[in-house]
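Accompanying notes for the structure given below.
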Amino acid sequence: MTEKKVLIVYGSRFGATEGVAIKIAEIFRDNNVLAEVVDLKEKSDFDNFDNYDGLIIGSSIKIGQWTRHVKNFVRNMRLEIQKFTKPFGFYVCSAYAALEEQYAKVKEEYIPDKLTEFGISIDYYDAFGGVIDFSESSRMGWLEKKIMKIAGNQATGAQVEEEYTDLRDWDQIEKFALGFLDLLKA
């Protein structure tokens with residue numbers, strides 16, 4: 001039997017979505033599934049997805065929007081995605097997804113509702129918390145840090161003062177990856 005191969009593409013603003021893509025790929029590799037991880041800032045043109053047994057797209061959320069790289073990828077590849085009959089997954093990272101009362105809203109509004117705008121339906125998707133990074137090495141600018149402080153305070157219910165707060169639930173991410181593996185085996 002040939003080894004399964006999954007394409008994981010992502011758009012990450014501050015690193016949370018990238019970290020999730022890397023973790024999912026690691027879990028796949030530990031389960032003998034090849035995982036090609038692509039940052040859509042680096043490469044966004046694919047002829048088709050015929051060489052893959054699965055496709056996962058990940059995007060960070062900022063002010064209710066996917067990254068422009070993910071949006072452009074989905075827009076440009078929508079016909080190929082619509083024709084793709086193998087397992088297709090999607091995830092988003094948002095500080096609000098870490099808040100129990102916001103999780104379902106984030107998950108639905110930012111994945112199936114947004115994909116519907118492109119004529120794409122999805123059955124396998126999830127929303128994960130983000131990363132709040134106020135450190136000197138942060139990818140965030142001054143205004144973004146201010147916005148993230150507000151979002152982080154709302155998501156955690158407390159004052160976010162630490163330089164680095166990871167709101168991702170790694171057990172939830174592992175369950176997502178293992179669930180996708182089950183789809184590959186079906």
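Read-outs: derived from the displayed coordinates by stated rules, not from any lab. Remember, it's a predicted structure, so these values are computed and weren't measured experimentally. We place every Cβ from the backbone using ideal geometry, glycine too, and count neighbours over all the protein chains shown.
Pulled fully out, how much extra length does the chain show between Gln82 and Glu36, if you take 0.36 nm times their separation in residues and subtract their Cα-Cα distance?
In short, 14.5 nm is gained.
Could you calculate the contour length gain from Glu26 to Glu174, that is, 0.36 nm times the residue separation minus the distance between their Cα atoms, to one decimal place in nm?
So the extension gain works out to 52.3 nm.
Distance between Cα centroids, the range 94-135 to the range 6-32: provide it in whole Å.
Each part's Cα centre sits 16 Å from the other's.
Report, ordered by chain and residue number, the aspartates and glutamates lying within cross-link reach of Lys4, taken as a straight Cα distance under 18 Å and ignoring same-chain residues fewer than 8 apart.
Once the sequence-local aspartates and glutamates are set aside, what remains near Lys4 is Glu26, Asp30, Glu36, Asp50, Asp53, Asp182.
Net charge around Tyr125, counting only other residues with Cβ within less than 12 Å of its Cβ (Lys, Arg = +1; Asp, Glu = -1)?
Charge balance near Tyr125 sits at -3.
When the C-alpha atoms of the range 34-91 are aligned to their principal axes, what extent does each axis show, in angstrom, from largest down?
33, 24, 19
Kirkwood hydrodynamic radius (Cα pairs, Å) of the range 1-123?
14.7 Å
Taking 0.36 nm per residue of sequence separation and subtracting the Cα-Cα distance, how much length would be gained by fully extending the chain between Leu184 and Lys43, in nm to one decimal?
Answer, rounded to one decimal: 48.3 nm.
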